[in-house]
1. Select, from ALA45, ALA80, the only residue that is more than 9 Å from the ligand (Cβ to nearest atom), among the aliphatic types (A, V, I, L, M) and at pLDDT 95 or above.
2. Of the conditions (1) surrounded by fewer than 24 Cβ atoms within 10 Å (Cβ to Cβ); (2) modelled with pLDDT of 95 or more; (3) farther than 29 Å from ALA493 by Cβ; (4) over 17 Å from the mean Cα position of the chain (by Cα), SER664 satisfies every one except a single condition; which number is it?
3. Does any residue of the stretch 46-54 turn out to be touching a helix residue (DSSP H, G or I) at 6+ places or on another chain (Cβ under 7 Å), more than 28 Å from SER139 (Cβ to Cβ) and surrounded by fewer than 21 Cβ atoms within 10 Å (Cβ to Cβ)?
4. With respect to ARG85, determine if the residue is within 14 Å of the ligand (Cβ to nearest atom) and part of a helix (DSSP H, G or I).
5. Scan the stretch 201-235 for residues that are in contact with a Pro (Cβ under 9 Å, 6 or more places away or on another chain) and within 11 Å of the ligand (Cβ to nearest atom) and jot them down.
6. Given LEU263, LEU215, which one is in contact with a helix residue (DSSP H, G or I) (Cβ under 8 Å, 6 or more places away or on another chain), under 21 Å from GLN405 (Cβ atoms) and touching a residue at least 40 places away in the same chain (Cβ under 8 Å)?
7. So how many residues does the stretch 310-354 have that are modelled with pLDDT under 95 and not hydrophobic (A, V, I, L, M, F, W, C)?
Amino acid sequence: MSCLCITGADIREFGAKMSGPPLVPMIHMIEAAAKPVVAAIEGVALGGGLELALSCHYRIAHSKARLGLPEVTLGLLPGAGGTQRLPRLIGVPAALELITTGRHVTAAEALQLGIVDEVTDQNAVDAAVKFAQSVEGKSLDARRIGTFPCPRPPDLDAVFEKVMKEVRRSARGAIAPVTCVQAVHAAVTLPYAKGMERERELFSTLFTSGQARALQYYFFAQRAVSRWSTPSGARWDTSKPRPVRKAAVIGLGTMGRGISVSLAQAGFSVVAVETQEKQLLEAKQAVSGMLERDAKRRGAPLAHGNIKYSCSLKAAADVDLVIEAVFEDMALKKAIFRQLSAICKPGTFLCSNTSALDIDELASQTQSPELVVGMHFFAPAHVMKLLEVVYGPRSSPEAVATAMQMGKKIGKVSVAVGNCRGFVGNRMLKPYLEQAFFLLEEGATPEQVDQVLEEFGFPMGVFKVSDLSGLDVGWKVRKADGLVVPDSTGKSARIQGGRRYSPLGDLLCEQGRFGQKTGRGWYQYDKPGGRVAKSDPWLHRFLEEYRARHGLVARRIDQQEVLERCLYALINEGFQILQDGIAAGPEDIDVIYVLGYGWPRHRGGPMFFADMVGLDKVLDRLERYHQLHPDVPGLKPCSLLRKLAAGGCPPIHRWREVIQKPHSQL
Ligand SMILES: CC/C=C\CC(=O)SCCNC(=O)CCNC(=O)[C@H](O)C(C)(C)COP(=O)(O)OP(=O)(O)OC[C@H]1O[C@@H](n2cnc3c(N)ncnc32)[C@H](O)[C@@H]1OP(=O)(O)O
């Protein structure tokens with residue numbers, strides 16, 4: 001009997017010396033044992049834990065147990081026989097799906113797939129003892145998975161070709177899923193012992209890869225962000241959240257609807273407020289539809305009953321927490337915060353879903369500024385996992401802790417960040433976008449820039465994303481900032497406040513090209529609302545005319561320059577954010593970028609990427625680009641980057657020691 005609850009190998013040991021006996025000889029010993037070995041699985045059997053269970057002759061799982069081979073999510077493959085045994089046990093297609101996605105399965109699904117022999121609601125060990133007694137004396141010949149022939153699909157080559165194509169497409173440059181397919185292919189085409197050798201070879205290649213390092217760093221980073229701290233010393237372990245049972249959402253546009261859905265699904269009582277009856281009704285129908293579709297997809301009960309709709313802010317009088325999600329208009333938000341402060345019961349937390357505006361300015365409108373924080377969701381709010389919790393200089397530790405806990409309860413990964421224009425994510429996006437525009441001025445095309453970024457691993461390049469989210473959004477902000485002005489010759493100004501500015505986005509908006517919604521943007525679409533971006537000859541002519549008008553000579557720009565200028569400008573802002581104390585550590589930035597902005601997980605996040613490239617190299621390239629473009633402050637290396645490079649480029653986990661935290665009034 002062997003009782004299992006194993007999360008797999010200790011991931012922290014991967015970069016160091018591994019302790020304990022090696023797994024492969026152990027699984028061979030267990031499988032070869034003359035006495036029957038029954039695995040009783042409680043909790044989880046993941047990675048090496050499941051591989052160990054697969055070497056047992058029988059597996060009994062508790063009904064709440066979860067099983068899986070998640071190695072691929074760590075940049076690895078199941079290297080203790082998992083890629084050779086699982087296809088022998090459950091067939092090639094099912095094994096490929098589990099191994100290439102790393103998906104966990106419930107005990108019920110494991111039974112259905114044939115991974116376990118029995119599921120019990122009782123104590124798994126007791127059930128396994130009983131099971132062992134029932135099979136006493138039976139031959140084990142048919143129970144040693146390693147001795148099974150691997151089922152061979154009749155159209156083997158076609159099956160693997162199709163899977164490989166699909167895996168390559170969805171992996172977006174990640175090597176582990178592709179290598180997993182190769183290892184399962186070995187299970188089908190080679191005898192067991194040879195297959196194991198092949199598995200070991202492939203595992204070794206992945207084990208030392210940069211991608212595995214990045215994914216393992218990211219695994220811990222995503223968990224580290226919950227241990228938040230602020231520059232004034234407020235911390236996760238000394239700040240107590242207050243319970244929230246009832247919450248209000250103000251403004252039921254796209255974001256407000258998604259937030260209402262998230263809250264209702266997590267069991268909160270929700271008061272959803274929209275000013276006009278017509279919009280309220282539309283929102284109610286949309287939210288109900290979203291809840292129904294989601295309940296159907298998850299096979300979960302409907303959460304309709306949790307939401308009350310109202311046209312009056314007064315409906316928020318007795319809630320514990322409010323999330324305001326109206327348009328990005330400071331005057332409107334301020335008015336709402338003033339009213340909420342008068343209407344809500346004392347102690348109600350007032351949160352804003354603003355993506356960039358000053359939380360402190362909103363707090364100043366209320367009687368209790370310490371209760372105000374930002375809760376910045378990402379669209380679609382009921383799907384995206386990221387939540388930026390923004391503390392202002394007056395937010396109380398209790399308010400931060402409550403918003404962080406609330407985020408966790410609705411299934412988000414919450415990252416606490418300081419208050420500044422754009423917080424962390426959108427602030428870093430600005431220099432990235434700016435470089436993309438400048439590259440167009442200098443001779444690149446949207447297609448070229450997007451292709452380089454997509455090859456790096458982003459699901460969409462910057463111009464496709466801009467078309468998707470709408471060019472008018474940024475235009476409105478730039479107009480409000482006074483940037484959209486002609487120069488003395490009547491042409492759109494390319495220098496604003498002494499720094500280079502590209503009016504390209506403004507000019508497209510003036511033509512009514514707002515992106516997908518109007519069927520034209522940086523690309524063309526077959527109709528307004530169309531999704532498939534096609535190259536647009538009009539845009540290329542427009543760029544040529546623009547360059548001619550401004551005396552710009554197009555040059556050939558290579559992939560490396562596109563990547564470095566976009567990414568290093570973004571990374572440089574990341575260092576500035578760390579230096580300013582807006583993010584507590586590089587992990588916060590990396591989690592925000594992976595979960596909110598499509599940064600490829602197998603590259604760890606922008607700050608990890610900088611560490612991998614080498615801080616001295618990033619510094620050197622930024623210095624070079626800044627020399628060439630002295631009117632672009634975003635390319636001037638930040639002093640923290642200089643300091644880290646001068647200090648011998650310490651590894652990312654040592655950066656916090658170097659970061660000087662500024663004083664704050666929190
Ligand atoms: C020779 C190679 C042989 C085998 C290869 C492998 O086995 S690779 C490892 C495969 N296993 C995994 O990938 C499992 C990783 N863990 C998880 O998916 C989740 O942690 C789990 C087990 C589902 C539990 O989730 P839960 O949300 O309940 O807790 P949380 O994730 O916050 O974890 C709690 C703390 O445990 C740490 N931890 C979890 N698993 C491991 C692990 N395998 N190695 C090291 N540490 C692990 C996790 O980091 C948390 O600690 P923290 O200090 O907060 O970071």
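1. The match here is ALA45.
2. Going through the list (1) surrounded by fewer than 24 Cβ atoms within 10 Å (Cβ to Cβ); (2) modelled with pLDDT of 95 or more; (3) farther than 29 Å from ALA493 by Cβ; (4) over 17 Å from the mean Cα position of the chain (by Cα), SER664 breaks only (2).
3. No; the residues of the stretch 46-54 include none that is touching a helix residue (DSSP H, G or I) at 6+ places or on another chain (Cβ under 7 Å), more than 28 Å from SER139 (Cβ to Cβ) and surrounded by fewer than 21 Cβ atoms within 10 Å (Cβ to Cβ).
4. yes
5. PHE203, ALA221
6. Of the residues listed, the single one that is in contact with a helix residue (DSSP H, G or I) (Cβ under 8 Å, 6 or more places away or on another chain), under 21 Å from GLN405 (Cβ atoms) and touching a residue at least 40 places away in the same chain (Cβ under 8 Å) is LEU263.
7. So the count comes out to 2.
To keep it simple, each residue is scored yes or no on (1) assigned by TED's automatic domain parsing to the domain that holds PHE268; (2) under 24 Å from LEU371 (Cα atoms); (3) charged (D, E, K, R).
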{"position": "LYS284", "(1), (2), (3)": "yes, no, yes"}
{"position": "ARG297", "(1), (2), (3)": "yes, no, yes"}
{"position": "ALA303", "(1), (2), (3)": "yes, no, no"}
{"position": "MET330", "(1), (2), (3)": "yes, yes, no"}
{"position": "SER341", "(1), (2), (3)": "yes, yes, no"}
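The values are calculated or read from the model by the stated rules, or taken from the named source; none is laboratory data. Here the structure is a predicted model, which means the values were calculated and not measured. Cβ: placed from backbone, ideal geometry, glycine included. Neighbour counts: every protein chain shown.
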